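Student: What follows is a single structure, and I will ask about it in a moment.
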Amino acid sequence: QVQVVESGGGLVQPGGSLRLSCAASGSAFRFYAMAWFRQAPGKERELVAIITSGGTTNYADSVKGRFTIARDNAKNTAYLQMNSLKPEDSAVYYCKASYRSSNSWGQGTQVTVSS
């Protein structure tokens, strides 16, 4: 089972960009589907984007055209490139690694979009 650690969060102005990284341990990373979720205060955790082991991607409607999920199997890392950020994108962003019945979550990284 892989362990994952997120990084790259921070404070950014509306319209700005951030790139989140999710570093995974272990040699089986390439078999895992990787996903980004987010949770804002008082709201449920929601799926933002997912990339399968084969590279197929899917996005929440609210981020389509602005966010891009990618993975680098050689570096055991998944990424979330976030452009044209809006205040409503502010949340704790979590990375999740999934393979069959195995799921691993990171501790989260805070993204705040504010002027």
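Student: What does the convex hull of the Cα atoms of the chain come to per residue, in Å³, rounded to a whole number?
Tutor: Per residue, the Cα convex hull of the chain comes to 92 Å³.
Student: Using +1 at the Cβ of each Lys and Arg and -1 at the Cβ of each Asp and Glu in the stretch 1-112, identify which of VAL2, CYS95, GLY106 lies farthest towards the dipole's positive end.
Tutor: Toward the positive end, the furthest listed residue is VAL2.
Student: Residue by residue through the stretch 77-93, which ³J(HN,Hα) values in whole Hz follow from phi under the Karplus form 6.51 cos²θ - 1.76 cosθ + 1.60 (θ = phi - 60°), with glycine and proline marked x?
Tutor: 9, 10, 10, 9, 8, 10, 10, 6, 5, 10, x, 6, 7, 4, 4, 8, 9
Student: Based on DSSP, what percent of beta bridges with both residues in the chain are antiparallel, to the nearest 5?
Tutor: Rounded to the nearest five, the antiparallel share is 95 percent.
Student: Could I ask something else about it? Ignoring any ligand, DNA or RNA, what whole percent of the accessible area of the chain comes from carbon and sulfur when the probe is 1.4 angstrom?
Tutor: With neighbouring chains kept in place, the figure for the chain is 47 percent.
Student: Shifting gears a bit: Relative to the compact-globule scaling 2.2 N^0.38 Å, provide the ratio for the alpha-carbon radius of gyration of the stretch 1-57.
Tutor: With N residues counted in the stretch 1-57, Rg over 2.2 N^0.38 Å equals 1.32.
Student: Separate question: If I take R0 = 25 Å and measure r between the Cβ atoms of SER84 and LEU47 in this structure, what FRET efficiency does the formula 1/(1 + (r/R0)^6) give, to the nearest 0.05?
Tutor: Plugging the Cβ-Cβ distance into 1/(1 + (r/R0)^6) gives 0.80.
Student: Further question: If you count only protein heavy atoms with a 1.4 Å probe, what accessible area per residue comes out for the chain, rounded to a whole Å²?
Tutor: 52
Student: Could you work out the relative contact order of the chain? I mean the mean sequence separation of Cα pairs under 8 Å and 6+ apart, divided by the number of residues, in percent.
Tutor: Relative contact order, the chain: 37 percent.
The values are calculated or read from the model by the stated rules, or taken from the named source; none is laboratory data. Keep in mind that what you see is a predicted model, and the values were worked out from it rather than measured. Note that we place each Cβ from the backbone using ideal geometry, even for glycine, and neighbour counts take in every protein chain shown. Heavy atoms of the whole protein, side chains included, go into the accessibility calculation; ligands, DNA and RNA do not. Shrake-Rupley method; radii C 1.70, N 1.55, O 1.52, S 1.80 Å.
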